[in-house]
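As structure tokens, the structure follows; a few thoughts come after it.
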Amino acid sequence: MNTALVLSGGSGSRMKMDIPKQYVKAGDRMVITYVLDTLIDHDEIDAVHIVAAEEYEEIIIEDVSRHVDPFEKKLRGFAKPGDTRQLSILNGLNRIKEYASEEDMVLVCDAARPLVSKEQIHACLRACADHDGAMPVLPMKDTVYLSRDGRTVSELLDRSSIFAGQAPEAFKYGKYLRANEALLPDRIMKINGSSEPAVLAGMDIAMIPGEEKNFKITTMADLERFREMLSHV
């Protein structure tokens, strides 16, 4: 079984809006609904679990039900957000225990990446089948520098060996759950990326080509970029 865990617990504080960015309307639906539409319609996704604050659960269901038919066949339920992104993931992983087995795959997705493609999802799952996990990455285009004090350049880094990670990321469920549990209670608080616990646990994580269009909506400029792209579809 392949389960998509959709992270929708963020507050979107950087955008200074009344509601989190994933619930903002773009075109005829909320940002998160684009992600859920792609996942629910994907032949290789068997179940979808959403990490979201309780007050948004009904809002999500209402919007998805208007645009995705029938969404109930794959939506398994909701998990509560944690104090950090990684604790939110762990909460979701614990809820998935109800139906997931050791060798199943879990696909960790961002609700604020509305342009994730079916092809990218397929590539993640295919790579994860032969490894402990897989993540899409983009090569660095600009010259990359290291600064130890944040004010001056300490050294030049080799950009050919540095990559920017994207989502979704796929993992073997059992190993990934244990990798996160091993960081409790304190180390998990310092985790920034979904693949970090897997790497720290020595899991075999494959890198696959990412997609430039699969950007995360983090700022108002990102949201306007997405809306502009919709207007030309």
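The values are calculated or read from the model by the stated rules, or taken from the named source; none is laboratory data. None of the values given here were measured: they were computed from a predicted structure. Ideal geometry is used to build each Cβ from the backbone, glycine not excepted, and the neighbour counts take in all protein chains shown.
Numbers at a glance
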| item | result |
| --- | --- |
| Pairs where the first residue, in region 39-63, is in contact (Cβ under 8 Å) with a residue 24 or more places away in the chain and the second is surrounded by fewer than 20 Cβ atoms within 10 Å (Cβ to Cβ) and hydroxyl-bearing (Ser, Thr, Tyr), C-beta under 8 Å, 6+ apart | ALA47/TYR99 |
| Positions within region 48-94 being touching a Ser or Thr at 6+ places or on another chain (Cβ under 9 Å), closer than 17 Å to LYS21 by Cα and β-branched (Val, Ile, Thr), in sequence order | ILE50, VAL51, ILE60, VAL64 |
| Test set (1) within 14 Å of ILE208 (Cα to Cα); (2) out of contact with any His (no Cβ under 7 Å at 6 or more places or on another chain) - ILE121 fails condition number | (2) |
| Extreme residue, nearest to PRO136 (Cα to Cα), among residues of region 169-187 that are surrounded by fewer than 20 Cβ atoms within 10 Å (Cβ to Cβ) and of a type outside the set (Lys, Arg) | GLY174 |
| Cβ pairs under 6 Å, 6+ apart, first in region 214-233 and in a loop (DSSP other than H, G, I, E, B), second of a type in the set (Val, Ile, Thr) | ASN214/VAL116 |
| Flag if MET207 is surrounded by 14 or more Cβ atoms within 10 Å (Cβ to Cβ), touching a residue at least 24 places away in the same chain (Cβ under 8 Å), touching a Phe, Trp or Tyr at 6+ places or on another chain (Cβ under 7 Å) and not in a loop (DSSP other than H, G, I, E, B) | yes |
| Near pairs, Cβ below 8 angstrom, 6+ apart or cross-chain, from region 186-198 (in contact (Cβ under 8 Å) with a residue 60 or more places away in the chain and outside any helix (DSSP H, G or I)) to any residue that is crowded, with 20+ Cβ neighbours inside 10 Å and among the charged types (D, E, K, R) | SER194/GLU169; SER195/GLU169 |
| Extreme residue, surrounded by the fewest Cβ atoms within 10 Å (Cβ to Cβ), among residues of region 2-17 that are modelled with pLDDT of 95 or more and not hydroxyl-bearing (Ser, Thr, Tyr) | ASN2 |
